[in-house]
Amino acid sequence: MRHLNVLRPALLALALSSLAHAAGAPGPSSPLPVVDTHIDAPTRLLEDWRDLGVASPDREFDYASARAGGLAVAFMSIYTSADEDDAGKARQVANLQIDTVEALAARHPDKFALLRSPRDVDRLRKGGRVLLAMGMENGAPLGDDLGQVATFQARGIRYITLAHSRTNRISDSSYDPNRPWHGLSPFGEKVVAEMNRLGVMVDVSHLSDEAVLDAIRVSRVPVIASHSGFRHFTPGLERNLSDELAIAIAQKGGVVQIPFGIAFVNRKASDDLQALFVAKSALAARNAKAKAANQPLEDVDAFDAAWKAAHPIPPTSIDAVLDQFDYGIKLIGAAHIGIGSDFDGVDGNLATGLHSVADYPNLVAGLRARGHSNEQIAKIMGGNLLRVWRQVEAAAR
Ligand SMILES: [Zn+2]
């Protein structure tokens, strides 16, 4: 299922270097920098380790694929789940994931480098290195300690997705019917201010609508949605952005990074996903009750298996992803659109032609076929995200 490139490598290099030229980049030795803000490789490494410096065919991110796809900056997702938060393990897991990213760069200094500032992109890419930046998905590892923002910033975290699948100390979540904060919590507002102070980008993906608006209001600088699609195509999925929210992000100068997972771009799959999280939230509540009453708990793994069997993933073409890009470009402009693939984060349930980091050229070809200019495509493939990051860094105190 992988490596379904429609362009051969030589053509691909040509396509990317002509794009780089159009974007005013120095030339073929530093091709168009593709920036992807959401790759879940670290979670997969903790589950089942590989050396991503050598070919790892069962993974959606490794060095060879990244080079084939023209990937320059890969934001490694430092993801912790709501369950890990409940178990008091989120900070531990986040630190271990950061360790795995550091270890990968240290093991292959010729292939990878850690990226802490957008100023270093050109310098560190020399010699064909893929740059590893880090974003924290779920603010759970902060606990209730504001000082942890600086601690994780010092470890290299450059964005924080304030919440994930369940409401946490910082923010309400789009997947969670329980909305105690009606947006950000008072602590969450302090977290956003501290992130602004330290130059850490505020990521509104996964948040409830009220929380997205709160984050935009509280942040002094543009915010990002690191991996969110447009709800226009998936009306039942609050996890994707409404037009109103996307416009608000763009008006603030921010960027919406579009994911490739089928559940974000296919209506049937998105309805199933929203229903799954509502059902899981109810299951968690029933189990909490049962635990308190010393009664047997329902088996979560059995629940997941039964759900999967009853809700097969509908095959979905790259056109559904391209439709998202077209719609976003029309709605908020090419200057506010980017890529947040969710590779290694959606159990391989990706649109056809976008199966790994080797496949960005298919996206480029599709955007061209739909009439978007080289200049617009260069911004979408990475220029916009780097612009926002520079702005956030410059505004740090
Ligand atoms: Zn996510």
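The values are calculated or read from the model by the stated rules, or taken from the named source; none is laboratory data. These figures come from a predicted structure and were not determined experimentally. No Cβ is skipped: glycine too gets one built from the backbone with ideal geometry, and neighbour counts run over all protein chains shown. Heavy atoms of the whole protein, side chains included, go into the accessibility calculation; ligands, DNA and RNA do not. Shrake-Rupley method; radii C 1.70, N 1.55, O 1.52, S 1.80 Å.
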Here the percent of antiparallel bridges among DSSP beta bridges lying wholly in the chain, to the nearest 5, is 10 percent
What 222 nm value per residue comes from the helices of the chain, counting each DSSP H run with n ≥ 4 as -39,500 (n - 2.57) and dividing by all residues, nearest 500 deg cm²/dmol?
-> -13500 deg cm²/dmol
Added length on full extension, which subtracts the Cα-Cα distance from 0.36 nm per residue, Arg107 to Asp145 = 10.4 nm
Most fluctuating residue given options Glu238, Glu210, Glu298, as computed from a GNM of the chain linking Cα atoms under 10 Å | Glu298
Name the residue farthest towards the positive end of the dipole of the chain from the options Gly345, Val265, Ile329, assuming +1 on Cβ of Lys and Arg, -1 on Cβ of Asp and Glu, about the Cα centre.
-> Ile329
Over all directions, average the projected area of the Cα convex hull of the stretch 204-247 and note it in nm².
-> 2.8 nm²
Grab the eigenvalues of the alpha-carbon gyration tensor for the stretch 69-172, scale each by 5, take roots, and send me the semi-axes largest first in whole angstrom.
-> 28, 13, 12
Whole-number Å³ per residue for the convex hull built on Cα positions in the stretch 271-313 | 51 Å³
From the Cα centre of the stretch 138-193 to that of the stretch 49-110, the distance in Å is 21 Å
Where the only charges are on Cβ atoms (+1 Lys, Arg; -1 Asp, Glu), what is the dipole of the stretch 271-313 about its Cα centre, to the nearest 20 debye?
-> 240 debye
Out of Leu46, Leu331, Leu142, a Gaussian network model of the chain with alpha-carbon springs under 10 Å gives the largest mean-square fluctuation to Leu46
Total charge dipole magnitude, the chain, about the Cα centre, Cβ charges on Lys, Arg, Asp, Glu only, Debye to nearest 20 | 1200 debye
How far, in nm, would the chain grow between Arg197 and Arg217 when pulled straight, counting 0.36 nm per residue and subtracting the alpha carbon separation?
-> 5.6 nm
So for R0 = 25 Å, FRET eff. of Ser317-Asp243 from the Cβ-Cβ r, to 0.05, ends up at 0.60
Membrane-span-like helices (DSSP H runs, Cα span along own axis at least 30 Å, mean Kyte-Doolittle at least -1.0) in the chain -> 267-292
Mind ordering 280-287, 314-321 by average Cβ neighbours within 10 Å, highest first?
-> 314-321, 280-287
What percent of all Cα-Cα pairs in the chain falls in each 20 Å bin, counting up from 0?
-> 29, 61, 9, 0
Distance between Cα centroids, the stretch 266-332 to the stretch 347-397: provide it in whole Å.
-> 26 Å
Using the heavy atoms of the protein chains and a 1.4 angstrom probe, tell me the accessible area per residue for the chain in square angstrom.
-> 39 Å²
Asp58 versus Val300, label points 7 Å from Cα toward the beta carbon: distance in nm?
-> 2.3 nm
Rounded if a/c is under 1.5, else prolate if a/b is larger than b/c, else oblate: which is the stretch 331-397, with a ≥ b ≥ c the root eigenvalues of its Cα gyration tensor?
-> oblate
Looking only at Cα atoms, what is the convex hull volume of the stretch 251-377 per residue, in Å³?
-> 130 Å³
Among the listed pairs Lys268/Lys308; Lys268/Lys291; Lys126/Lys379; Lys268/Lys379, which are separated by more than 25 Å between their Cα atoms?
-> Lys268/Lys291; Lys268/Lys379
Rank Ala154, Ala358, Ala66 by mean-square fluctuation in a GNM of the chain with C-alpha springs under 10 angstrom and give only the top-ranked residue.
-> Ala154
